[in-house]
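As structure tokens, the structure follows; a few thoughts come after it.
The values are calculated or read from the model by the stated rules, or taken from the named source; none is laboratory data. From a predicted model like this one, the values you see are computed outputs, not experimental measurements. Here the Cβ positions follow ideal geometry from the backbone for every residue, glycine too, while neighbour counts run over all protein chains shown. We work out accessible area using only protein heavy atoms, side chains counted, and drop any ligands, DNA or RNA first. Shrake-Rupley method; radii C 1.70, N 1.55, O 1.52, S 1.80 Å.
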Amino acid sequence: MTSRDRIPLAGVIGSPVAHSKSPRIFRHWLTRFGVRGHYIPMDVAENDLEAAIRALPKLGFVGVNVTIPHKERVLEIADLVTERAELTGSANTLTFRDDGMVHADSTDGCGFMENLRSNAAEWNPAQGPAAILGAGGAARAVIASLLNAGVEEIRLSNRTRTRSENLRREFGARVRVHDWSEAGDMLTGAKTVVNATSLGMAGNDELSVPLGALSGDAVVTDLVYVPLETEFLAQARRTGCQTVDGLGMLLFQAAPGFESWFGIRPHVDDQLRQAVLS
Ligand code: ATR
């Protein structure tokens with residue numbers, strides 16, 4: 001059998017992985033575009049990660065998504081790492097090239113940005129400062145993409161201050177660190193506000209940062225998408241802010257993988273949202 005006759009396989013590697021919505025996204029697109037292929041969730045332990053990645057191309061895999069807890073570790077395993085994955089400090093999309101090289105990319109930042117731009121058409125990086133709550137891996141991708149889009153000032157606050165300070169050191173003086181106890185104050189005049197913590201997710205505590213200083217002309221987005229409208233987004237909406245939920249980021253970050261593995265640029269539309277939510 002030549003490699004041309006092979007049914008292309010893709011999937012997502014994580015641990016645990018059962019909760020991942022990626023299979024729904026990819027299966028929707030595979031069906032929609034009539035692509036002969038499969039997308040498989042794979043629970044892989046840390047110790048088996050490298051061997052698994054090296055074996056996958058031999059089994060017919062053209063690429064995989066990577067999720068928690070392997071997104072950082074795959075940068076060391078990959079043969080080629082894109083600049084944006086380097087900057088983000090993690091990769092979520094691996095492509096197995098014909099020459100045997102494993103190519104690692106991070107599409108989280110572009111997923112964030114495309115979600116913002118397509119749901120808040122008026123959003124403009126030059127409008128003013130951005131305020132980000134949280135300084136984990138997701139916040140890092142958001143900071144990289146906002147800086148790249150041209151936002152002049154990023155105010156950053158995290159419960160563990162040293163994590164924000166590390167990001168400031170890495171990304172430079174356009175990032176300004178605010179104490180977690182004063183996170184509400186940094187919202188004054190912020191034109192883009194992002195919850196990049198896991199607070200507000202079903203089963204977690206609510207984000208308790210006071211939103212009194214939020215102005216009605218801010219665009220507010222949450223990376224949490226379960227529930228779709230977090231209490232944080234609901235409060236921002238009541239203040240008059242335009243709000244963007246986090247599901248779109250998940251959908252947009254998947255598109256580049258589908259395109260590089262199956263050769264079709266897929267749509268992110270309401271049908272896809274419904275397929276993922278159903
Ligand atoms: P991810 O890669 O999704 O960003 P993470 O690196 O575990 O995941 O980051 C989770 C974020 O939520 C962090 O900013 C974390 O704050 P700490 O750095 O202080 O841990 C934040 N977070 C989680 N639980 C929190 C809580 N109860 N109060 C405040 N922040 C919380």
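Could you figure out which of (1) of a type in the set (Asp, Glu); (2) at pLDDT 95 or above; (3) more than 21 Å from the chain's Cα centre (by Cα) isn't true of Glu122?
(2)
Just for helices (runs of 4 or more DSSP H) wholly inside segment 174-278: which have at least 1 residues that are in contact with an Asp or Glu (Cβ under 6 Å, 6 or more places away or on another chain), modelled with pLDDT of 95 or more and surrounded by 15 or more Cβ atoms within 10 Å (Cβ to Cβ)?
Helices (runs of 4 or more DSSP H) meeting the threshold: 231-239, 247-262.
Among the residues of segment 112-120, are any closer than 30 Å to Gln242 by Cα and outside any helix (DSSP H, G or I)?
Looking for residues that are closer than 30 Å to Gln242 by Cα and outside any helix (DSSP H, G or I), one finds at least one in segment 112-120, hence yes.
Could you list, in sequence order, the residues of segment 136-147 that are open to solvent by 10 Å² or more (accessible area, probe 1.4 Å) and either touching a strand residue (DSSP E or B) at 6+ places or on another chain (Cβ under 9 Å) or near the ligand (Cβ under 6 Å from one of its atoms) (or both)?
Gly136, Gly137, Ala138, Leu147
In segment 46-104, how many are part of a strand (DSSP E or B) and open to solvent by 30 Å² or more (accessible area, probe 1.4 Å)? Break it down stepwise before answering.
Initially, segment 46-104 is screened for residues part of a strand (DSSP E or B), giving 61-66, 80-81, 93-96, 102-104.
This time we only want the ones that are open to solvent by 30 Å² or more (accessible area, probe 1.4 Å), so: 62, 80-81, 103.
Adding up the residues that qualify gives 4.
Among the residues of segment 169-215, write down those that are among the charged types (D, E, K, R) and either in contact with a Phe, Trp or Tyr (Cβ under 9 Å, 6 or more places away or on another chain) or closer than 15 Å to Pro129 by Cα (or both).
Passing the criteria: Arg174, Arg176, Asp185, Lys191, Glu206.
Taking the criterion of being of a type outside the set (Lys, Arg), more than 16 Å from the ligand (Cβ to nearest atom) and within 17 Å of the chain's Cα centre (by Cα), would at least one residue in segment 164-175 satisfy it?
Within segment 164-175, none of the residues are of a type outside the set (Lys, Arg), more than 16 Å from the ligand (Cβ to nearest atom) and within 17 Å of the chain's Cα centre (by Cα).
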